[in-house]
1. Enumerate the aspartates and glutamates that B:Lys156 could reach by cross-link, defined here as Cα to Cα under 17 Å, with residues fewer than 8 away along the same chain left out.
2. Using the 10 angstrom Cβ neighbour count as an exposure proxy, how do B:Leu818, B:Leu450 rank, fewest first?
3. Please state, to two decimals, what the Cα-based radius of gyration of the range B:865-942 comes to when divided by 2.2 N^0.38 Å (N = residues).
4. HN-Hα J couplings of the range B:874-883 from phi, Karplus 6.51/-1.76/1.60, θ = phi - 60°, integer Hz, Gly and Pro as x?
5. Taking the Cα centre of the range B:67-331 as the origin and placing charges on Cβ (Lys, Arg +1; Asp, Glu -1), which of B:Asn261, B:Met116, B:Leu243 is farthest toward the positive end of the dipole?
6. With θ taken as phi - 60° and the coefficients 6.51, -1.76 and 1.60, list the Karplus ³J(HN,Hα) couplings across the range A:190-200 in order, rounded to whole Hz; mark glycine and proline as x.
7. Using 0.36 nm per residue, how much length does the chain from B:Thr189 to B:Leu526 gain when fully extended, once their Cα-Cα distance is taken away?
8. Efficiency by 1/(1 + (r/R0)^6): what FRET value for A:Trp209 and B:His591, r their Cβ-Cβ distance, R0 = 30 Å, to the nearest 0.05?
Amino acid sequence: MKDTDIKRLLYVHLLCIFSIILSIFIPSFFLENFSVLETHLTWLCICSVSVTAVNLVSYLVVKPNASSKRSSLSYKVTRFLKCCIYFLMSCFSFHVIFVLYGAPLTELALETFLLAVTLSTFTTVPCLCLLGPNFKAWLRVFSRNGVTSIWENSLQITTVSSFVGTWLGAFPIPLDWGRPWQEWPISCTLGATFGYVAGLVTSPLWIYWNRKKLTYKNN
Amino acid sequence: MRLGSGTFAACCVVIEVLGVALFLRGFFPAPVCSFSETEHQTESPAPEPSAGAISNWTELPRPLFRKVVIMLIDALRDDFVFGSKGVKFMPYTTYLVEKGSSHSFVAEAKPPTVTMPRIKALMTGGLPGFIDVVRNLNSPALLEDNVITRAKAAGKRIIFYGDETWVKLFPKHFVEYDGTTSFFVSDYTEVDDNVTRHLDKVLKRRDWDVLILHYLGLDHIGHVSGPNSPLVGRKLSEMDSVLMKIHTSLLSEERETLLPNLLVLCGDHGMSEAGGHGASSVEEVNTALILISSAFERKPGDIRHPKYIQQTDLAATLSIGLGLPIPKSSIGSLIFPVVEGKPMREQLRFLHLNTVQLSKLLQENVPSYEKEPGFEQFKVSERLHGNWIRLYLEENNSEVLSNLGSKVRRQYLEALRTLSLSLSRQAAQYDIYSMAVGAVLVLEVLALLLPSLPRALTGKAELDVPLLSPASSLLFYLLLLALAALHVAVCTSTDSPCYLCSLPWLTAGGVLVLVSTLLCAVVSALAELLASGKRLRKNPPQSSSGWSGLDLLISLGTVGHALSLGASSFVEQEHQTWYFLVNTLCLALCHETYRHCFLGHDCARQRCPHAGEEFDWVAVAPQAKSTGPDVWELDRASKHPSPLEALRGPERWMVLVSPWVILTCCRLLRSLNQTGVQWAHRPDLGHWLTSSDHKAELSVLAAVSLIMIFVLVQKRCSLASKVAMAFGLLGIYCYRVAVGNLLFPWQQNNKGISKGITEARFVYVFVLGVLFTGTKDLLKSQIPATDFAVKTVGLWEIHSGFVLLAALLLRPHRLPVLVLGLAIQAVMARFVWTPLRHDAAQVAAMHYWFGQAFFYFQGNSNSIATVDISAGFVGLDAYAEVPAVLLTTLATYTGPVLWASHLLNFLTSEAGSGSALSHACFCYALICSLPVSAYIILVTSLRYHLFIWSVFSPKLLYEGMHLLITAAVCVFFTAMDQTNAKS
Ligand SMILES: [Zn+2]
Ligand SMILES: [Zn+2]
């Protein structure tokens, strides 16, 4: 039972990674002069859209939490609207946090906001898919000993690694190397992407490795 | 020997200060110089080289100029003369540069771009060591070979007017002088009038050969209001008229004597965009240098692109011009255009003299000098020169002669360039032995602190320091013997100067004893740690509760920051690191708060089962890792339920909002002062406020800040100190108005700017009053029967006395830093640390982080240029070294000291456990000594880095100073802890 779960998790994650890789290569067939560094903002949009789509589809297909019994249409619609609001709120709050970290207030606002959108895609969208718009559940998952399934466990790992990736991505900015990717916010978005991908790769492996030790309240 | 962990930490930091001092003494070496100091007076000049034929020209060439006037304008940046400002405000100079008989250059100064080392460089032609910055305030006489000494020895009569530094450097060299003090930075008219008023008289006289004028006004304007102030233009046109006066007078004299004179206009260093100097940015390094003499050809034209030369080239040029031997340690090369008009034989002679001097210096400083390209070029050109002389003496064909001559000249110029380059690159030698001993001391202290961390943070906060145990004594004597042998071996073998060897052997022996004692202590501490580790493995406890996320963040952040210091950009931009870390800390606290608020029950349930086990475990292994704080915390937790759940209504909201409030405050402060190097020129609020158009806004801001300071501080003071605070803050406003920074509402434009001595002293009286009340309360609390609250009030009064002093010393546009600092402290104490019940060690670490961030918030950076020396002269009539240094240090380290004193207050008023203070002290000591030790190792390994003098060395000085302050803080903590224990 558990092993199949891990396998499904792995497939979903591989799909996500695949979508990110595709978002790097596919657009260059349709768009002229497309490259990750030079037309960075375009890539950010494409990447966020494709990752969101893959997340939505895979979670709809796999349905890791088959607990939503009430499936009336109005309930679904309100839930979806709530999710949208949560997503927008997370984008704005990430933006605020970046400004608090020292991002320029007025210049480069679009760039900062797109970084916020990307980070939200990597963190908030999976949370919304898995946990729904439930702030307390989120807090529970992100506190110590709060996870209740391998899905939540992997969610914890990928989210934290995306955050850490973004965080580490800010480090090269003050260095005097003068590289194009040191410009705000390119290093941070790259950091977020690498962090997310690393989380996607490591979380199934880590869960597989520790499958004996992991005991969840529900299982 | 049993010691409290606070006492232990304080001792450790004090020893570490010793180690760092020793390291610094070894690190800042003697400059590249000539060692044959004593014999230079008698040595004859190098004769003209000749192949075969014997030259008859052996004495020094005759002087080129009869009189030399050096007009040094402090902080004369190149674009003040050659840029648009020069065209606008210095018409006469521009005319001379463009059409007159002059040579103009951009002279590059080497960092540190501070006045005294620059004067030394101009006059000796050498590169003074970095440590001269520190000695800048108290400059001793210049002992190295220099132009002034040579000129005096040659019987020249020298007159000097201007900056007193010269008089200190050359105490008996001037036949007439008038020194002006450079310490009242806000005075920029009187300093220069004091120089100019002598001019009319002196220019009429004929009884002098060299006249030196050092004008300070421009530098003072820069320090007060920056290079774009309208005052700069006025000052430049004043300087222009002075130059015109001197030049016309020299010209009229020349008409009578028929010998050319030389007028030198130069700057000692530039001025950064913020108005300071000391670092190595382009604006600070490039200075204007103009040589004016009727001996030069009039060459109209390429003025817009003056050639780049080194500042050190002036010494050699002046020596040649005055017919003196070139100073021995000069690394500069003759500015060739000066002698271009002379006959070929003289030109070659001058070049030869200069090359011989440089190659001698190279021989003395580089062991393998024969392989240096410059030396080879020198040999080649000397041989060619000899051939040329032979041809010349044989009266050969003049065309052949001139062709060969220009070839020799080219060869010489090339050799000069290479020699001077390799000499300036020749890093001054480090005193590796002293550095190593200092570094070993520091590392031993760290190695002693780190393993005792778990035991130091136990409930009893006591440590066994195995100083006197007999087992280690044999080791100790062996070590001491080995070290003594090493010491003797090192001191007898090296010929380079070594500080530790030059100490009296009793002192050196003391250092060695200290080193070996510490090593023994480290060894036994490690052995004990291993033993207890084994014991732990036998009965393994659960250690999941050991590290919370916050602990992890704090330790990772500290280690990461220490490692980041290895990159020069991270040293330059260290403020970014701290802002980043503090922001992350706030977000982590935010997460923790939310978890406790919304999931409080879960957490409590998860924690409780551990409590019982943990108490058992403590009984089994009392020295186990970090049980102490948990025990303390759980102890309190079991008495009453989590206070977060008890909070309702607005209080709860404040807890939820407070991290965001703090984050916003930090962001505001960050945009107040754009510090660092990379983005320092960006406009920020501070610049906006200090510009002269926004005086009214600044006044309002300062008034509001002062009122806010009163509001934040007064609550916990006694009535007497409340009144004193109010008067003190009022006095501060009056002082700033008197100095001319602020305005009274009824006063439209500032007329009389005074030094504000009365007002500042008025404030000092109240500072002392508040401090005195605080001390009195502290002493009162020692009497057993008194209330505990008396002590808290006393401590808070001392804190507020310090705040008052800081408010006086900080520039008015930095007062918001103080206000927001106090506000953040209040919010954190009330809504974060108390409800979340962080233990003393965590609180201490957070205080340290915030202290560091505030160090940068207040506008400091890791370059010397941002030290606000004007703070050292608040309320002082004349320069007094001790108070000036003390005040400047306090003003610079306001942030860290403010947070340390708040830590003391917070822990005392909370008074949860008796050992909280010593935990905090230990943690503070450890977290401060970690970056210092790491930095010392990094600097040692990077000592041949390109940026070692411009980036790493100033940071080293800052670190040393910070460690000294931490030592003082730790000693004070321990003293408070002792009085705690007694009462
Ligand atoms: Zn100067
Ligand atoms: Zn200055």
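1. B:Asp145, B:Glu176, B:Asp207, B:Asp209
2. Sorted ascending by nearby Cβ count, the order is B:Leu450, B:Leu818.
3. Details: Rg = 17.4 Å, N = 78, 2.2 N^0.38 = 11.5 Å.
After normalising by residue count via 2.2 N^0.38 Å, the value is 1.51.
4. Whole-Hz 3J(HN,Hα) from phi for the range B:874-883: 6, x, 10, 6, 10, 5, 10, 4, 4, x.
5. In the range B:67-331, that residue is B:Asn261.
6. 4, x, 4, 5, 4, x, 4, 4, 4, x, 4
7. Numbers: separation 337, 0.36 × 337 = 121.32 nm, distance 6.42 nm.
Additional length available on full extension: 114.9 nm.
8. Efficiency computed from Cβ-Cβ geometry: 0.65.
Coordinate-derived values only; no laboratory data. If you're wondering where the values come from, they're calculated on a predicted model, not measured in any experiment. Glycine gets a Cβ as well: all are built from the backbone with ideal geometry, and neighbour counts include every protein chain shown.
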